[in-house]
Amino acid sequence: MDLSPFEKDNSVSCRLASQIPDVCKIEDCCLGIDEAGRGPVLGPMVYGICFCPVSKKEELKDLKVADSKTLTEAERENLFQKLDEARNFVGWALQILSPNIISTSMLQRTKYNLNALSHDTAIGLVQYALDSGVQLKEVYVDTVGPAEKYEEKLSQRFPGIEVTVRPKADSLFPIVSAASICAKVARDRVVKGWNFSEDLGELDTDYGSGYPNDPKTKVWLLKYLDPVFGYPQFVRFSWSTAQTLMDSKAVTVHWDDDEEDGEKAAQRQNNRSMLSYFGASAGGNNQNPTHQTHRFFTERRLKSLDTL
């Protein structure tokens with residue numbers, strides 16, 4: 001699994017895929033869909049599909065794939081290796097959704113929640129398999145939201161394909177288990193080797209599982225909260241855990257709008273207007289000699305100007 005396309009820019013969404021087995025282009029195939037990393041406040045969410053000919057279901061079952069959440073990391077890696085060795089009849093594809101993509105999608109003006117993002121990602125992966133020539137006849141999905149509605153949605157989107165949506169599908173259907181393993185292995189590797197674009201000094205990578213209730217994750221979130229710029233892009237800003245910490249620990253700044261005078265409104269709320277950061281002279285007498293310029297500006301060689 002080559003993660004370099006995502007590692008080049010881990011702020012965006014990225015698709016990775018195996019070669020399409022020739023047999024999948026001429027025989028009826030089944031496909032499973034599952035995800036890894038839906039709940040964590042840290043790192044990406046990865047959606048995975050795995051597909052093989054219907055005639056090879058028993059061979060896939062013989063690989064003893066299982067729900068990735070019931071396996072250790074070493075067991076998942078071993079099973080992924082077996083899936084890779086079965087490349088003559090098994091194929092897979094992944095969509096890595098960066099924390100930045102997740103947060104900006106959920107916080108945009110037009111409501112776009114995690115379920116909608118998950119549905120669209122799954123649909124995109126099924127369409128990718130079809131466009132690649134895979135002869136899909138059966139699709140099995142671990143549900144997101146009400147199973148019946150999701151099944152109806154997918155059936156309407158892909159007429160002629162038998163769609164089965166079930167809770168805990170990753171423990172019911174080996175092809176979904178295989179997709180779960182691919183997704184989880186990818187997420188584990190991405191999180192372990194995350195390339196931080198921000199200058200965080202001597203970085204502590206002991207951030208635990210990434211889930212909000214993990215004590216190590218909580219400690220890491222407190223440690224790397226910048227009072228002005230918030231969190232590095234490794235963190236999902238849209239998660240309530242991150243938002244609560246920013247509300248309580250970060251600097252309050254009033255954002256000017258057209259509805260009221262920004263400076264006066266900021267004074268009433270006992271905080272600073274954004275405009276106040278542009279009022280100081282670059283080299284005049286009113287500059288505070290003890291002021292420490294934030295690294296965001298020094299790294300980019302930015303400074304205030306009073307003339308153009």
task = Return one number: the angle in degrees, 0 to 90 and rounded to the nearest 10, between the long axis of the Cα atoms of helix 73-85 and the longest principal axis of the Cα atoms of the chain.
result = 50
inquiry  = Quick check: the angle from helix 147-157's long axis to the longest principal axis of the chain, C-alpha only, nearest 10 degrees?
reply    = 80
inquiry  = Relative contact order of the stretch 94-204, please, whole-number percent, based on alpha carbon pairs below 8 angstrom and at least 6 residues apart.
reply    = 20
task = Counting other Cβ atoms within 10 Å, keep those with at most 14, restrict to DSSP loop, and tell me which chymotrypsin sites (Phe, Trp or Tyr not before Pro) in the stretch 140-218 are left.
result = 196
query = Exactly which GluC sites (Glu not before Pro) in the stretch 137-215 are in a DSSP loop and have at most 13 other Cβ atoms within 10 Å?
reply = 202
note = Residue-normalised 222 nm signal for the chain, counting each DSSP H run of n ≥ 4 as -39,500 (n - 2.57), nearest 500 deg cm²/dmol, is -10500 deg cm²/dmol
request  = Would you mind working out the accessible area per residue for the stretch 158-211, using a 1.4 Å probe, and quoting it in Å²?
outcome  = 47
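Given a 1.4 Å probe and every protein chain left where it sits, what share in percent of the accessible area of the chain is carbon and sulfur?
Working: 8380 of 17040 Å².
About 49 percent, which is the carbon plus sulfur part of the accessible surface.
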request  = Mind giving me the nanometre distance, one decimal, between the label points for residue 2 and residue 131, set 7 Å out from Cα along Cα→Cβ?
outcome  = 2.0
ask   = Looking at the stretch 135-221, which trypsin sites (Lys or Arg not before Pro) are DSSP coil and have at most 16 other C-beta atoms within 10 Å of their C-beta?
value = 168
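Which order do peptides 106-114, 52-60 fall in by mean Cβ count within 10 Å, highest first?
Working: 106-114: 11.1, 52-60: 17.4.
The packing order, highest mean first, is 52-60, 106-114.
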query = Could you give the distance between the Cα centres of the stretch 130-196 and the stretch 1-42, to the whole Å?
reply = 11
Additional length obtainable on full extension of the chain from residue 87 to residue 148, 0.36 nm per residue less Cα span = 18.7 nm
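Taking a 28 Å limit on the Cα-Cα distance, which of the listed pairs 61/216; 64/218; 184/218 fall beyond it? Can you show the working numbers first?
Details: 61/216 37 Å; 64/218 36 Å; 184/218 22 Å.
Where the Cα-Cα span goes over 28 Å, the pairs concerned are 61/216; 64/218.
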key: Heavy-atom accessible area order for 42, 203, 172, 71, largest first, 1.4 Å probe   = 172, 203, 71, 42
note = A student asked for the Cα radius of gyration and Dmax of the stretch 16-129 in angstrom ought to give 15.7, 48
query = According to a simple spin-label model (label point 7 Å from Cα along Cα-to-Cβ), what is the distance in nm between residue 11 and residue 25?
reply = 3.8
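The values are calculated or read from the model by the stated rules, or taken from the named source; none is laboratory data. If you're wondering where the values come from, they're calculated on a predicted model, not measured in any experiment. Glycine also receives a Cβ, built like all others from the backbone with ideal geometry; neighbour counts cover every protein chain displayed. All accessible areas refer to the heavy atoms of the entire protein, side chains included, with ligands and DNA or RNA removed. Shrake-Rupley method; radii C 1.70, N 1.55, O 1.52, S 1.80 Å.
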